Amino acid sequence: MITGGLRILILGGTSEASALVAGLTNCSHDVTLSLAGRTAVPKAEPVRTRIGGFGGVEGLAAWLRENRTDLLIDATHPFAARICVNAADAAQAVGIPILAIRRPPWPRQPGDRWTEVDSVAACVSALGEAPRRVFVTIGRLELAAFTAAPQHDFVVRTIEPVGDVMPVPRLTTIAARGPFQQADEVRFIREAGIEVLVTKNSGGEATYGKIAAARALELPVVIVRQPRKPDVAQVQDAAEALDWLRTAIVPDRS
């Protein structure tokens, strides 16, 4: 059982990371939150925050050593596969425990018209050749894949501006941040004339509204499965992570 304050690095950028930080506020632990820097104006958090990558496994391991970190918590996005692997490898290299908060994917429900694929590139093929009005909600970084299907009419919703990463003839962009409610998503899909939704199975409640809306409207969905993650200690949410911290045996490296 933990009896003293620990130096903890949280790899964040998710609602789970924010909830964990809130739960650790005013505790005896020395907490640092790391954000990848993909959002121009990230949410301010009440702990020390660093922005940007580490430079792979070796860079992260060096940071952990230099800052005498006792525990690494991976609370990154379900599709941040590379940093998950790097975090597990760096923790092993340094010899410290790692805990991952792994948000479960949405389960398929009766009435869902899902085509499940393993990558964004596979989404493009799954859309087919016939032109369709496509609602895309996969984030900004992988949008370039859809330039291979210029016959479609795309409606893209992202947090950050799309810019010129998706040069297709018919593109409507929407900048918005969740949570999104089912009723609002139903209204939007109807008014925009959407014929198919493309998304990632991110899990959680903040963006589930579009999945529920698609089910209600009998709309087909092309959905990317969550990638495989390293086999490390894991919990499903911030509350479970806080419980784990209260009972875990973590060697103090101070």
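The numbers here are math on the coordinates, done by the rules we state, and not lab data. As the structure is a computational prediction, the values presented were derived from the model and not from experiment. Ideal geometry is used to build each Cβ from the backbone, glycine not excepted, and the neighbour counts take in all protein chains shown.
Charges on Cβ only, +1 for Lys and Arg, -1 for Asp and Glu, centred on the Cα centroid of the stretch 113-224; of P179, G139, L197, which one is farthest towards the dipole's positive end?
Final value for the positive-end residue is P179.
Read phi for every residue in the stretch 173-187 and hand back ³J(HN,Hα) as whole Hz from Karplus 6.51 cos²θ - 1.76 cosθ + 1.60, θ = phi - 60°, with x for Gly and Pro.
10, 10, 9, 7, 10, x, x, 10, 8, 4, 4, 5, 5, 4, 4
How large are Rg and Dmax for the stretch 113-224 when calculated on the C-alpha trace, in angstrom?
12.7, 33
Treat every Asp and Glu Cβ in the stretch 113-224 as -1 and every Lys and Arg Cβ as +1, leave all other atoms uncharged, and give the resulting dipole magnitude about the Cα centre to the nearest 20 debye.
180
May I ask you to order 165-173, 152-160, 236-244 by the average number of other C-beta atoms within 10 Å around their residues, highest value first?
Ranking the peptides 165-173, 152-160, 236-244 by packing returns 152-160, 236-244, 165-173.
Long-range amide H contacts for S34: which residues qualify at under 5 Å (H placed 1.01 Å from N, peptide plane, sequence gap of 5 or more or a different chain)?
HN-HN under 5 Å from S34: I10, L11, G12, R50.
Listing L143, L20 from the residue with the fewest other Cβ atoms within 10 Å to the one with the most, what is the order?
Ranking L143, L20 by Cβ neighbours within 10 Å, fewest first, gives L143, L20.
Give the order of S18, S28 when sorted by the count of other beta carbons within 10 angstrom, beginning with the fewest.
Ordered from fewest to most neighbouring Cβ atoms within 10 Å, S18, S28 come out as S28, S18.
Could you list, bin by bin from short to long, the percent of Cα-Cα pairs of the stretch 10-157 in 10 Å steps?
9, 32, 29, 19, 9, 1
Per residue and in cubic angstrom, what volume does the convex hull of the Cα atoms of the chain have?
For the chain, the hull spanned by Cα atoms encloses 128 Å³ per residue.
Quick one: putting +1 on the C-beta of Lys and Arg, -1 on the C-beta of Asp and Glu, what dipole do you get for the chain around its Cα centre, in Debye to the nearest 20?
In debye, rounded to 20, the chain gives about 200.
Could you line up F146, F180 from fewest to most neighbouring Cβ atoms inside 10 Å?
Final ranking by Cβ density, sparse to dense: F180, F146.
Relative contact order, percent, of the chain when contacts are C-alpha pairs under 8 Å separated by at least 6 residues?
24
Could you list the square roots of 5 times each eigenvalue of the Cα gyration tensor of the stretch 10-81, that is, the equivalent ellipsoid semi-axes, sorted largest first and rounded to whole Å?
Each semi-axis is the square root of five times an eigenvalue, giving 18, 17, 11 Å.
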